[in-house]
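Below is one structure; the comments refer to it alone.
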Amino acid sequence: MAYGLGIHSDLELPELTRGPAPPDIVVRRGSIPGQPGGRASSHTLLHTADDEASLYWPDVGTFVLRHGKEITFDPPSDASSSLIRLYLLGPVLGLLLHQRGLFVLHASAVALEAGVVAFLGHSGRGKSTTAAMLHARGGAVVADDAVALDLAAPGGPAALPGFPQLKLWPDAVTALGENPEDLPRIHPTEPKRARTANSVTTTPQPLRRLYVLTEAESLGLEPLRGHAAVFEVLQHSFVAPALEQLGSSRFLAECTRLAAMVPVLRLRRPRCLAGLEQLAALVEADAAGRSDLGPPTEPG
């Protein structure tokens with residue numbers, strides 16, 4: 001299971017939580033005609049619409065997604081199961097969740113006492129690392145990489161529970177007091193480690209904050225308003241690269257709605273991992289309404 005959905009798969013998916021559930025999503029291996037030729041081809045979004053999409057990676061093959069319910073994958077004969085799972089449980093599942101009407105952010109999220117906080121940012125900015133530190137301090141992991149939101153949930157946007165894994169760089173594992181060599185790699189050629197979370201959410205939880213991680217000389221928070229907040233939500237959504245094919249009007253309206261309902265803040269932090277405890281404490285205080293941010297900064 002993941003995101004409250006039963007996933008029945010031809011390919012074993014050890015990352016997911018096992019349990020009796022109806023087949024909301026079926027994943028099967030099958031022949032897909034018309035694949036791009038040659039390993040020299042780059043990642044290609046072959047086609048996408050609201051109810052069908054196809055994705056291709058040279059070393060992983062083609063995935064076809066239909067109606068938010070079916071995933072067919074056709075990998076090269078030498079593709080490893082770990083590599084297939086890496087893409088299947090990341091961008092492929094993220095796009096399928098969009099097909100099911102959920103709003104999906106490329107983010108990491110943790111449930112605190114005040115509610116769920118999610119971290120946005122470009123690759124390497126520390127989304128998973130920040131979530132892992134909050135988890136170490138007692139927070140429950142909601143999701144890593146793909147955070148799915150139900151914008152129509154009673155009481156405001158709710159984050160759906162993903163699966164209990166965080167993907168961390170070796171130096172982040174060390175900063176958290178663990179030995180990277182004790183954790184499996186997410187793939188033999190990738191340095192990131194897979195860390196199983198021992199405290200996770202099992203039901204949808206209200207989303208209270210969106211933090212955009214930005215490198216800076218000192219730690220601080222800056223509330224974002226209006227177009228600045230909407231822009232950050234938009235650029236860190238899972239389907240932003242496919243907007244031309246999907247059509248942007250409905251999606252832009254959802255971005256605007258989310259930014260109006262949930263505070264969006266820029267979280268400035270030094271790159272040094274030594275300040276993780278202080279960073280986590282600032283987030284906990286802000287989510288609980290205890291931090292003094294000063295006057296909000298208006299977008300330019």
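For this structure, a couple of remarks:
- Within a Gaussian network of the chain (alpha carbon springs, distance under 10 Å), most fluctuating of F103, F231, F63: F231
- Footprinting exposure proxy ranking of D145, D171, D24, fewest other C-beta atoms within 10 angstrom first, gives D171, D24, D145.
- What the phi angles of segment 273-278 give under the Karplus curve with 6.51, -1.76 and 1.60, with θ = phi - 60°, is a coupling list of 6, 5, x, 4, 4, 5 Hz, glycine and proline written as x.
- Close amide H partners of L120, meaning residues 5 or more places away or on another chain with modelled amide H under 5 Å apart, are Y211, V212, L213.
- Net charge dipole size for segment 7-99 [Lys, Arg +1 and Asp, Glu -1 on Cβ; Debye, nearest 20]: 100
- For segment 22-167, average projected area of the Cα convex hull in nm²: 10.2
- With both residues required to sit in the chain, DSSP beta bridges show an antiparallel share near 70%.
- Nearby aspartates and glutamates by direct alpha-carbon distance to K167 (threshold 12 angstrom, same-chain neighbours under 8 apart not counted): E15, D144, D145, E190
- Relative contact order (percent, whole number), segment 63-221, Cα cutoff 8 Å, 6+ residue spacing: 23
- Convex hull volume of the Cα atoms of segment 7-99, normalised per residue: 91 Å³.
- D (Stokes-Einstein, µm²/s), Kirkwood Cα radius, the chain, 1.002 mPa s at 20 °C: 108
- Among T214, T202, a tally of other beta-carbon atoms within 10 Å of each Cβ gives an order, fewest to most, of T202, T214.
- Working note: Karplus 6.51/-1.76/1.60 with θ = phi - 60° gives segment 164-179 the couplings x, 9, 10, 9, 10, 5, x, 5, 5, 4, 5, 4, 8, x, 10, 9 Hz, where Gly and Pro are set to x.
- Each residue of segment 60-72 is assigned a 3J(HN,Hα), and the resulting list reads 10, x, 10, 10, 10, 10, 10, 6, x, 10, 10, 10, 10 Hz, derived from the Karplus form 6.51 cos²θ - 1.76 cosθ + 1.60 (θ = phi - 60°), x at Gly and Pro.
- The chain: calculated mean residue ellipticity at 222 nm from DSSP helix runs of at least 4, using -39500 (n - 2.57): -6500 deg cm²/dmol
- Residues H8, H98, sorted so that the one with the fewest Cβ neighbours within 10 Å comes first: H8, H98
Taken together, the values in this text are just the output of simple stated rules run on the coordinates, not laboratory data. This one's a predicted model, so the numbers in the text were calculated from it and none came from an experiment. Methodologically, a virtual Cβ is constructed for each residue, glycine included, from the backbone with ideal geometry; neighbour enumeration extends over all protein chains shown.
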